[in-house]
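Below is one structure; the comments refer to it alone.
The values are calculated or read from the model by the stated rules, or taken from the named source; none is laboratory data. A quick note: this is a predicted structure, and the numbers were derived from the prediction, not measured. For neighbour counting, all protein chains shown are included, and Cβ atoms are generated from backbone atoms with ideal geometry for every residue, glycine included. These accessible areas exclude ligands, DNA and RNA; they are computed on the full protein's heavy atoms, side chains included. Shrake-Rupley method; radii C 1.70, N 1.55, O 1.52, S 1.80 Å.
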Amino acid sequence: MKNVPEVKLGIIAVSRDCFPIDLSRNRRNKVVEECVKKNIPIINLETIIENENDVLKALKEIKEKEVNALVIYLGNFGPEGPTSLLVKKFDGPVMAVAAAEETGKDLYGGRGDAYCGFLSLSYNLGLRNRHVYIPHYPVGIPSEIADMIKDFIPIARAVLALKNLKIFSFGPRPQDFVTMHTPIKPLYDLGISIMENSELDLYDIYRQAENDPRIPQVMEDMAKELGTGNTYPELLRKLAQYEIALTDFMEKNLGASQFGIFANKCWPAFEKYFGFVPCYVNSRLASRGIPVACEVDVYGALSEYIIYNVSEVPATLLDVNNTVPYDLIEENKDKIKEKGYKPTDLFMGFHCGNTPSCCLINGAIKYQLIMHRLLEPGKEPDITRGTLEGRLRPGETLIFRIHATPDAKLISYLAEGEILDIDPKSFGGIGVFAIKEMGRFYRYVLLEKRFPHHTAVGFKHVGKYIYEVLKLLGIKEIYYNLPEGQRYPEENPFIS
């Protein structure tokens, strides 16, 4: 199933009645032409808003054309009251941009003053307590506006997804993992539904799938994906049964929601009853845009899902886990020091084996070493088998978390860097991360603001889009460690 929304983006022009309406109409049409040239899907809305009655006409046209995300275009100064009213009444993500003046040869009849009108619109949006996406510099000629619209699409997709998302959780958090607390109220504030279930419910749906006729087909698909990493072929039947149980449960229980993700308890009782660890199945669902977060980490699953919507690349959930030893740094100094990284810029991201195979090098099914110590000491691995282990694929990376504090306030962090092409010489799904000023970020954001050890990991630099998603969601406390190490939290650079 497709677990992300389709963005149906419409553009609507606004015009102040003392300016030529054709100025807005013609400029809007040129923006649409540029979008067509750049293969940016856009629906041209014919209504032009000059007054409140036009808002009602526009809403009708928007509904008829099934537009779910909106670009408001100030082709001239624009009427700030009706424009902000449209934002209030439209139930979807909104972007606001404005026309630049095209030529010095026509600054009498052809001057639109949208640069000025945007200021009035911004004030009115504040009066109505509305959040819209405003690009870094939101005024431009048609080709520039088209590029801004392209940047809005992943932002709109993430916002739409959250408005139609249900999170399924199974089981309470494991002992001593209280940092994965889940205040529910902030989820509802975001428009997200949550359905909490017990571990017994999970075991029940697993048992119901025992003789499902689709099991051989899923096993075959698993074997094909794993290739030489199919080290325990006799385990695939159980894993396939579990995968079918989860996907069927999701489809049957979405209800009024369109999309679903999971946060499941995965140890220590799980292994004794199911006979395996669920990590590989979690990795497979994550590769299809259905994160299954470990240890009932609801906000971890949500963070993964936001990354997936924005980047359209599977994400994973890892621990910000351990330091990189000095001797390993010395062995790989050509990949570290020559890039200007300090030891404090480095850490290893690790988890048992939930990372999608497409994000790993030489992924293979293995057993969970830490759980084996706990559950099968001195025995051959049996119930602790089922992890997908390998080295994380080198390249761009992003660590991100949206989290709820004990007093139910949403906070978030973002940091971008790279996964280095270095053998971590350890177990699990693991890689060496390099993020400029990570030491400072670790101390004054992760520790100071009491974030948990789980972080969602993306494999593209999409932090600027996620940052805008968070702002549209109304989250005030965002800590953003920019790739070039500029500043965090994101604050006014003109105030010391």
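Figures for the structure shown
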{"item": "Tally of residues being of a type in the set (Lys, Arg), exposed (fewer than 15 other Cβ atoms within 10 Å of the Cβ) and in contact (Cβ under 8 Å) with a residue 24 or more places away in the chain across segment 89-143", "result": "2"}
{"item": "Helices (runs of 4 or more DSSP H) completely within segment 273-346 that count 2 or more residues being within 26 Å of residue 371 (Cα to Cα), in contact (Cβ under 8 Å) with a residue 12 or more places away in the chain and open to solvent by 10 Å² or more (accessible area, probe 1.4 Å)", "result": "279-287"}
{"item": "Index of the failed condition, residue 152 passing every other in (1) free of Cβ contacts under 8 Å to residues at least 24 places away in the same chain; (2) open to solvent by less than 70 Å² (accessible area, probe 1.4 Å); (3) aromatic (Phe, Trp, Tyr)", "result": "(1)"}
{"item": "Candidates 416, 380, filtered to the one that is under 27 Å from the mean Cα position of the chain (by Cα) and open to solvent by 10 Å² or more (accessible area, probe 1.4 Å)", "result": "416"}
{"item": "Residue 373 being farther than 13 Å from residue 427 by Cα and of a type outside the set (Gly, Ala, Ser)", "result": "yes"}
{"item": "Enumeration of residues in segment 421-472 that are of a type in the set (D, E, K, R), more than 30 Å from residue 406 (Cα to Cα) and surrounded by fewer than 17 Cβ atoms within 10 Å (Cβ to Cβ)", "result": "421, 423, 425"}
{"item": "Qualifying positions in segment 251-265 - open to solvent by less than 10 Å² (accessible area, probe 1.4 Å) and closer than 22 Å to residue 352 by Cβ", "result": "261, 262, 263, 264"}
{"item": "Options 392, 375, 318, 346: the member that is of a type in the set (A, V, I, L, M), touching a Ser or Thr at 6+ places or on another chain (Cβ under 8 Å) and modelled with pLDDT under 95", "result": "375"}
{"item": "Failed criterion for residue 195 (all others in (1) without any contact (Cβ under 8 Å) to a residue 40 or more places away in the chain; (2) outside any helix (DSSP H, G or I) hold)", "result": "(1)"}
{"item": "Residue that is most open to solvent (accessible area, probe 1.4 Å) [pool: residues in segment 383-413 that are small (Gly, Ala, Ser) and under 22 Å from the mean Cα position of the chain (by Cα)]", "result": "408"}
{"item": "Residue that is most open to solvent (accessible area, probe 1.4 Å), among those in segment 160-219 that are more than 18 Å from residue 265 (Cβ to Cβ) and among the acidic types (Asp, Glu)", "result": "189"}
